[in-house]
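K.L.:
Quick one: structure below, then a few questions.
The values are calculated or read from the model by the stated rules, or taken from the named source; none is laboratory data. Quantities reported herein were computed from a predicted structural model and do not represent experimental measurements. Glycine gets a Cβ as well: all are built from the backbone with ideal geometry, and neighbour counts include every protein chain shown. Heads up: the accessible areas ignore ligands, DNA and RNA and are worked out on the full protein's heavy atoms, side chains in. Shrake-Rupley method; radii C 1.70, N 1.55, O 1.52, S 1.80 Å.
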Amino acid sequence: MKNNSIIILFTFILAISSNCYGQIFSKVTTTSNPVIADPPSPNPFFGCAWIDIDNDGLLDLFINQNSTIYKNLGGGNFTRLLNAIPSQHTNTTGNTWADYDNDGYPDCYISTGMPYGSLLYHNNGNNTFSIVTSGQIGTATLNPSSAGAWGDYDNDGKVDLVLSAPNGFIGNNVYNKLYHNNGSGTFTNDPSSQATATLSTYTNPTWSDYDMDGDIDLFFGTGPVTSKGVDYLYKNGLFPTSTATFQLMNTSPITTDLRDGQLWNWIDYDNDGDLDAFITNYTGGLPAGLANDFYKNNAGTFVKLTSITAGPIASDVGHGLASIWMDFDNDGDLDCFVTREQQKNLYYENKLIPTGAATFVSILTEPMVTLSGNHYSASAGDYDYDGDIDLFVTGTSTLTQGLYQNNSAAINKWINIKTIGTTSNRSAIGTKVKAKAIINGLPVWQFREVSSQNSNYGMNMLNVHFGLGNTTIVDTLIFLWPSGIKDTCYNVLPNVFYNLTEGTCLSPVGIKKSKIDNISNLKIFPNPSEKNLNVEFYLTKKEDVSISIIDSQGKRLKKATYQDLQSGNHLIQLNIESVNLGVYFCEIQSNSSTKILKWVKN
């Protein structure tokens, strides 16, 4: 070894079994990162979003506190864009992003109650935004709201906007608003809809084509807080009438169950091809709160799930706010993260893959679920461009707010797709994407829908992400655009970032230049090994490095982190006497690189 080599000795004490759970998230604590260094807002109930504001392929972070954008520089680095959004006040709540004028850059609507009101911001394409001041949509005090959602409700290729107004909480006698996009950079307020005609305590609006008839329907969580009530759900009449109208639904039990509804998410949790519903519940006037509502879609008939049929996700009581549905472990099914006020968050792993039964297990060891406190919103996205989904959670202290990096083992495959509309709206809001792959020897279909409001007062990345388990190829990808156009791709390679423009083929996206491969000359020896495993590698620059032991099921069994390792050669010796016989993986990870080698304990 060279003179600058270091030897670090440590012992893993492992109790290994094939069904144990290894922690996959770590809270980012680098104080040079302004996302971490900036103090959280003391104001409660504010949202966040991962959104690529400048089309460089890297997800930037928006936080409602002070309407701040953190530009992603790659390699885990961010910079605060000062005054990018010329906010007129700091106490904002919700945000929703889409390219309303189809110029190629996502624009933002930021919601706030009275006395300030809400504002539309146009993306100028140079990391700055301008306030839209024309028309009623440009008059902030005419639009008090808690959250908004973009969606093309008449399928004319332009996203429209709905605003939710919790009457009595953000002002008195405030109604929901529905703005139709005229296509000339202007909007027309539509006060005639049933969705805007009733005063109530509306929280988050969600667009989703829940019945798969080709138009997006509208769902409001309508939590009264001090009691329980029904939510307001509206079916779009665009099909078959050709006129986009919204009629109050009466489908039992989703419209008749009493709840303190906050956020509706429509997701295919069981990979059966239709959209199921999950609704977070707040207190309902009860000190301990309520269980969240979970409904399985059986060909248009909805069955409420219980702890027996779905696990603790259907019975855990609390003050639920956001629900984030992503395949965090890339195994081929959707997992769920729930934020809660005054309590610990919840993280549920879906066991559909590989058991065949879509039941959820509560995971208590992840860092974002270990501390009680006020957690209001969250956003999911692959900010470090490594194929797994990371999280940002908002809160009012450094304990409850945080950036959580997903360090999942790279054994499971994935695919990440940015959808770009042409005939449909440019942001592809409302596009449905289906993926078929062979996972564990069986054909698995998965389903996603592009959404601009799927968190509490915020949204996840617009990119479509599928975990693919141990597949070798994606057999089929189907894109169903709001325009009615259908694109189909076959034999798609996994572990690739793609762009898909409506009416064309997939285009691979190159790795960003900012993603430097910092780890080289990786060796592990002896292999097979009996007592000690030596890990040797070269760092091109000073960085934090973690080393993990991963079993053949992809579970991370142990992780050790070494801070500020200098550039040069390094040798780390692992004592593996306590490890059971079998096949394992050793993962070496820095901020900019991940390497995995297989090894055998004999």
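K.L.:
Normalised by the number of residues in the chain, what is the relative contact order in percent for Cα pairs under 8 Å and 6+ residues apart?
P.N.:
14
K.L.:
Something else: Take Asn189 and Asp475, extend 7 Å from each Cα along the Cα→Cβ direction, and tell me the distance between the two endpoints in nm.
P.N.:
That separation, rounded to one decimal, is 5.3 nm.
K.L.:
With contacts defined as alpha carbon pairs under 8 Å and 6 or more residues apart, what's the relative contact order of the range 37-175 in percent?
P.N.:
17
K.L.:
Same structure, new question: So between Lys541 and Tyr562, what do we pick up on full extension, going 0.36 nm a residue minus the alpha carbon distance?
P.N.:
My answer for the length gained is 6.2 nm.
K.L.:
What number comes out for the charge environment of Leu364, summing +1 per Lys or Arg and -1 per Asp or Glu over other residues with Cβ under 13 Å away?
P.N.:
-2
K.L.:
Give the percent of DSSP beta bridges with both residues in the chain that are antiparallel, rounded to the nearest 5. Kindly include the intermediate steps, with their values, before the conclusion.
P.N.:
Numbers: 147 of 160 bridges.
If I count the DSSP bridges inside the chain, around 90 percent turn out antiparallel.
K.L.:
What nm distance separates the two modelled labels at Asn43 and Leu199, each placed 7 Å from Cα along Cα→Cβ?
P.N.:
2.5
K.L.:
Is the shape of the chain rounded, prolate or oblate, going by the alpha carbon gyration tensor and its root eigenvalues a ≥ b ≥ c, with a/c under 1.5 for rounded and a/b larger than b/c for prolate?
P.N.:
Prolate.
K.L.:
What does the C-alpha gyration tensor say about the overall shape of the range 442-512? Classify as rounded when a/c is under 1.5, otherwise prolate if a/b is larger than b/c, or oblate.
P.N.:
Because its axes are fairly even, with a/c under 1.5, the range 442-512 counts as rounded.
K.L.:
Take the alpha carbon gyration tensor of the range 270-429, find the square roots of its eigenvalues, order them as a ≥ b ≥ c, and report rounded if a/c is under 1.5; if not, report prolate when a/b exceeds b/c, else oblate.
P.N.:
Verdict is rounded for the range 270-429.
K.L.:
Sticking with this structure for a sec: Using helices alone, what [θ] at 222 nm do you get for the chain, with -39,500 (n - 2.57) per DSSP H run of 4 or more residues, divided over all residues and rounded to the nearest 500? List each step's numbers first, then the result.
P.N.:
Values: 4 runs with 16 residues, N = 602.
-500 deg cm²/dmol, from helical runs alone.
K.L.:
For the range 33-92, what does the equivalent ellipsoid look like in terms of its semi-axes, each the square root of 5 times an eigenvalue of the Cα gyration tensor, given largest first in whole Å?
P.N.:
Each semi-axis is √(5λ); the values are 20, 13, 10 Å.
K.L.:
Over the chain, give the accessible area per residue in Å² for a 1.4 Å probe, as an integer.
P.N.:
On a per-residue basis, 36 Å².
K.L.:
Just the number, please: carbon plus sulfur as a percent of the accessible area of the chain, 1.4 Å probe, no ligands or DNA/RNA counted.
P.N.:
Whole-percent figure for carbon plus sulfur exposure: 52.
K.L.:
May I have the convex hull volume per residue, in Å³, for the Cα set of the range 34-139?
P.N.:
Measuring per residue, one finds 95 Å³ for the Cα hull of the range 34-139.
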